[in-house]
Amino acid sequence: MIHPLVRPFEIRELRRIDFKDSILIDGFSSVGLVSSIVSNYLVTLLRLEYIGYVDSPYFPTVTLIRESMPMAPARLYAIGDALPGDKQLALFTSELQPAQNIVRPLGVKMIDWAMEHKCRMILSVGGLVIERDFDSDASDAELEQVAVYGIASTPKASKMLEEADVEPFVEGIITGTSGILLHEGKKRGFDVVVLLTEARQEIADAKAAALLMATIDQMVLKMNLDIEPLCIEAEKMEAQLFKLKEQTEKKAKNQTPEEPAGYH
């Protein structure tokens, strides 16, 4: 339960960066950890810097250590050395999946932050529970049968999906931060694009993440990334991210009843 007198989320910036006209990527964990794999790959590929974090009493009491640097469980990255006029990218990510009781205020906080910093749009990625049986050795032909689906909050954002030949998400339910951002974007007239692909729920699905990365590249990065190396790099992150997720969720479950539970 969210206490009415407690601010559920604060975004703390460790350094000041101009985010005007930037693209904000929502990388909070989803089905198959696809969003976490995508966001971690983007951090490595674009050499994004850790420039802030999301602070909340509803987060578990854990600290992520990466290359001897302590980091918050929910982090903000950006291109630290971007010059005036260069494309800027902001990225929120966490290896943990927010519990239902905090998803709405978290999503609202993200779009508030994006609008306050005059970001151009929000791009949220996630997984759909898979309905077909692919093993870990799925071939390229099998991967081509898996579509990336998209839904947008405005006509302008919908045109971006059409130009990238993304399969429209016609009917269904979108949960998590993606669903909140999409709804808030529609309500406020702010451009939000949600990209989804089929993913296996109980494992870190690197192949699904690679398909999403290829679509993000086509829509935003324009780097002509090859999907095969993407799959290889994403697979390297699978075990590491899944182990990290298990460790942190175990810690969250061991919190005392008095501590607010914000992840599952």
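Just so it is clear, none of the values below were taken in a lab; they were calculated from the coordinates. Predicted model only: the values in this text are computed from it and were never measured. All Cβ positions, glycine included, derive from the backbone under ideal geometry; neighbour counts span all protein chains shown.
Dividing the mean sequence gap of close Cα pairs (under 8 Å, 6+ apart) by how many residues region 10-246 holds gives a relative contact order of 26 percent.
Per-peptide packing, taken as the mean over residues of other Cβ atoms within 10 Å, places 103-111, 62-70, 153-161, 115-123 in the sequence 103-111, 115-123, 153-161, 62-70 from highest down.
Estimated from the Cβ-Cβ distance and a Förster radius of 25 angstrom, the FRET efficiency linking E13 and K186 is about 0.35.
Peptide packing for 185-196, 14-25 was compared via the average number of neighbouring C-beta atoms within 10 Å per residue; ordered from the highest value, the list is 185-196, 14-25.
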